[in-house]
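Comments concern the structure below.
The values are calculated or read from the model by the stated rules, or taken from the named source; none is laboratory data. As the structure is a computational prediction, the values presented were derived from the model and not from experiment. Neighbour counts run over all protein chains shown; Cβ positions are idealised from the backbone, glycine included.
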Amino acid sequence: MQLLQVEKLTKHFGGLTAVSGVDLEVERGEILGLIGPNGAGKTTLFNLISGTFAPNAGKIIFNGESIGGLKPNYICRKGLVRTFQTVKIFPEMTVFQNVLMGSLFGSEGKSWPEATGQAREILDFTGLSHLSDVPAGSLTLVNQKRVEVARALATRPQMLLLDELMAGLNPAEVAEAMELVTRIRERGITIIMIEHVMKAIMNICKRIIVLHHGKKIIEGTPEEISTNKTVIEIYLGEEEQAHAGS
Amino acid sequence: MTNLSMTVKKNIPYIAISVLILALLAAVPFFSKPYTVVLLKNILMFAALTLSWALFSGPTGYISLATAAFYGVGIYTAAYLGKVLPLPVMVLCGGLASFLLALIIGAITLRLRGIYFAIFTLSSVELIKQVLHWFEITVLGTRGRPVVKISNTTVYYVVLLIVVLLMVTTYFLKRSRYGLAMSSIGSCEDAAAHIGINVTWVKVLTFALSSFFIGLTGATTATGLIYIDSHIAFDLNYSFFPTLMAIFGGIGNVFGPVIGAAVFSYLREILITRFPYAYMIIFGAVMILTILYLPNGIIGLVQTIKDKVLGGKDATASSRKVN
Ligand SMILES: Nc1ncnc2c1ncn2[C@@H]1O[C@H](COP(=O)(O)OP(=O)(O)OP(=O)(O)O)[C@@H](O)[C@H]1O
Ligand SMILES: [Mg+2]
């Protein structure tokens, strides 16, 4: 069975339709890539699925249950969690406390020792143990992003939505992040990732969806996407322009 | 709860000092002049209001200016129920009435953030005041009511008890799971909501808890007022003073609001008698200087000095970039 099914999902902001009748399905255990030019509606789609905003129309079925319009805290407790494009950590808290918050509140009825044990395990898994006692706000961007992922993992999700995890990272850091994403999938967690870093998305994802002006343009394997004429025009073309310009 | 007993152990000096001060305060009515009792009662009342304010606004970062509304509800409870109920029951009713009102105001206003929340809470005081005024004049055909007088010493002890309750509640709440949820809202509300915290519920409930204590304080201290009407009971100063006192004292720990309230209300007492016309000006100047030069209040200053003297690691840790 599909872990996530989205049908005809739509969101308006005033006169603008940020997400327009989007359908998508995600298999348990897969990594789905979500790409599209700036303003295509990728983040808005995540905001709808994770409960940040309620959709204007359409259905979101997670694990056979309708979650459209639920508050984010309920959706998180059902096992669907996300990270943010602009990092949202608790800057005054230590790295350990940030992750502990995920394990304390992400699922019901956990005791302190259980939650601390779980936070430690996640810190280990994400390679943050040596930074446990550092205030998260004083970390570099790449580590703050890692903390956010760690905190999300600590909620024990079945599905993780990653919004531009690799943006702003240098090539070595991108490689590390790709390795982390692969290991998260190996833990049995299903992933949807929004990414502008093509190398990452083409390497990790078996399937990619392209959004443009809020609509799903095409869906396919990395080969299909990278050779598709429309995609090259609207997306890869634009990237080349950006590269040529810079 | 082993980590609880550990925190208690670590804080033994503070607990010892607190118990000593408490014993001294409890003994005051036995050996001092009536004026001292009244002065200390007023200071304790402001300490109670400031602690209540800081209980909610401190960790969540939502600046509430509704204190006067809940204080006024406490006062009106005393005016209406003071004759028919014994003091402890009447005071509890004041707390509960404020608690319920806060649930309503909270549910309406806590979806607003930042300055909008502050302005709405402030407006709620004015709204309640005017509605009550209208109701008394047109429906009851009266204005204001007398309040049953209770001895200053009794009031003093009840307010002291409220302050102690507030300090203990604040202390343990801060170290609980619920307290972590509260401060995560102040730190990054969006993140808190997305990792499973019911932010609406935590905000509304904490707001109501804080208002419960404000209501208790209002119902207790109203007994010293003799006569009240809606303008006396819902005086906006009771919204501004606790906020200013908390900022002045610092909200970093449980002693900040108490110190802020003590210094501030003592200062106010002196300034009112010495400079009855200029006192608000001096007051304003002190506040501006505090906000400019002591952003973490008196407690923040004490902490900085302590760190410097001990060559503290904490002071540098937060300014260092770590990879
Ligand atoms: N809260 C909001 N209110 C109003 N408009 C919004 C809001 N959020 C997004 N939009 C608009 O919706 C459109 C889609 O934005 P979205 O952030 O989803 O794009 P994106 O695909 O994530 O882009 P990027 O690659 O730049 O992150 C944009 O035109 C944006 O301005
Ligand atoms: Mg985006």
### Message
Whether any residue in segment B:260-272 is of a type in the set (S, T, N, Q) and within 19 Å of the chain's Cα centre (by Cα) is what I want to check.
### Response
yes
### Task
Taking the options B:Val131, B:Val158, name whichever one is exposed (fewer than 14 other Cβ atoms within 10 Å of the Cβ), assigned to a helix (DSSP H, G or I) and out of contact with any Asp or Glu (no Cβ under 7 Å at 6 or more places or on another chain).
B:Val131
### Task
Among the candidates B:Gly61, B:Gly82, single out the residue that is over 25 Å from B:Trp201 (Cβ atoms) and modelled with pLDDT under 95.
B:Gly82
#### Entry: Residue list for segment A:63-86, restricted to those being within 9 Å of chain B (Cβ to nearest Cβ), part of a loop (DSSP other than H, G, I, E, B) and either away from ligand 1 (no atom under 16 Å from the Cβ) or surrounded by fewer than 20 Cβ atoms within 10 Å (Cβ to Cβ) (or both)
A:Lys71
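For B:Ser64, state whether it is under 19 Å from B:Leu161 (Cβ atoms), buried (at least 24 other Cβ atoms within 10 Å of the Cβ) and either in contact with a His (Cβ under 7 Å, 6 or more places away or on another chain) or of a type in the set (Ser, Thr, Tyr) (or both). Break it down stepwise before answering.
Details: under 19 Å from B:Leu161 (Cβ atoms): no; buried (at least 24 other Cβ atoms within 10 Å of the Cβ): yes; either in contact with a His (Cβ under 7 Å, 6 or more places away or on another chain) or of a type in the set (Ser, Thr, Tyr) (or both): yes.
Considered against the rule, which asks whether it is under 19 Å from B:Leu161 (Cβ atoms), buried (at least 24 other Cβ atoms within 10 Å of the Cβ) and either in contact with a His (Cβ under 7 Å, 6 or more places away or on another chain) or of a type in the set (Ser, Thr, Tyr) (or both), B:Ser64 comes out as no.
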### Query
Conditions: (1) buried (at least 18 other Cβ atoms within 10 Å of the Cβ); (2) more than 9 Å from every other protein chain (Cβ to nearest Cβ); (3) more than 18 Å from the chain's Cα centre (by Cα); (4) outside any helix (DSSP H, G or I). A:Phe90 meets all but one. Number of the miss?
(2)
### Task
May I ask you to verify whether A:Gly33 is more than 14 Å from every other protein chain (Cβ to nearest Cβ), crowded, with 16+ Cβ neighbours inside 10 Å, in a strand (DSSP E or B) and within 16 Å of ligand 2 (Cβ to nearest atom)?
yes
### Message
Among the residues of segment A:41-57, are any in contact (Cβ under 8 Å) with a residue 24 or more places away in the chain, charged (D, E, K, R) and more than 16 Å from ligand 2 (Cβ to nearest atom)?
### Response
no
### Query
If you scan segment A:115-141, which residues turn out to be more than 8 Å from every other protein chain (Cβ to nearest Cβ), surrounded by fewer than 20 Cβ atoms within 10 Å (Cβ to Cβ) and among the hydroxyl-bearing types (Ser, Thr, Tyr)?
A:Thr116, A:Ser129, A:Ser132
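Out of all the residues in segment A:104-114, which are crowded, with 17+ Cβ neighbours inside 10 Å and within 9 Å of chain B (Cβ to nearest Cβ)? It would help to see each step written out before you state the result.
Let us first name the residues in segment A:104-114 that are crowded, with 17+ Cβ neighbours inside 10 Å, namely A:104-107, A:110.
Scanning segment A:104-114 gives A:Leu104, A:Phe105, A:Gly106, A:Ser107.
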### Task
Out of B:Ser18, B:Ser32, B:Ser52, B:Ser5, report the one residue that is under 13 Å from the mean Cα position of the chain (by Cα) and either over 17 Å from B:Ile162 (Cβ atoms) or of a type in the set (Gly, Ala, Ser) (or both).
B:Ser52
### Query
Does A:Asn47 satisfy the criteria of being within 16 Å of ligand 1 (Cβ to nearest atom), within 11 Å of chain B (Cβ to nearest Cβ) and among the polar types (S, T, N, Q)?
yes
### Message
With the structure loaded, tell me whether B:Val148 is over 17 Å from the mean Cα position of the chain (by Cα), modelled with pLDDT under 90, among the β-branched types (Val, Ile, Thr) and not in a helix (DSSP H, G or I) or whether it fails that test.
### Response
yes
### Task
Could you please tell me which pairs satisfy a Cβ distance under 6 Å, a separation of 6+ or placement on different chains, a first residue in segment B:179-201 that is more than 8 Å from chain A (Cβ to nearest Cβ), and a second residue that is part of a loop (DSSP other than H, G, I, E, B)?
B:Gly186/B:Gly61
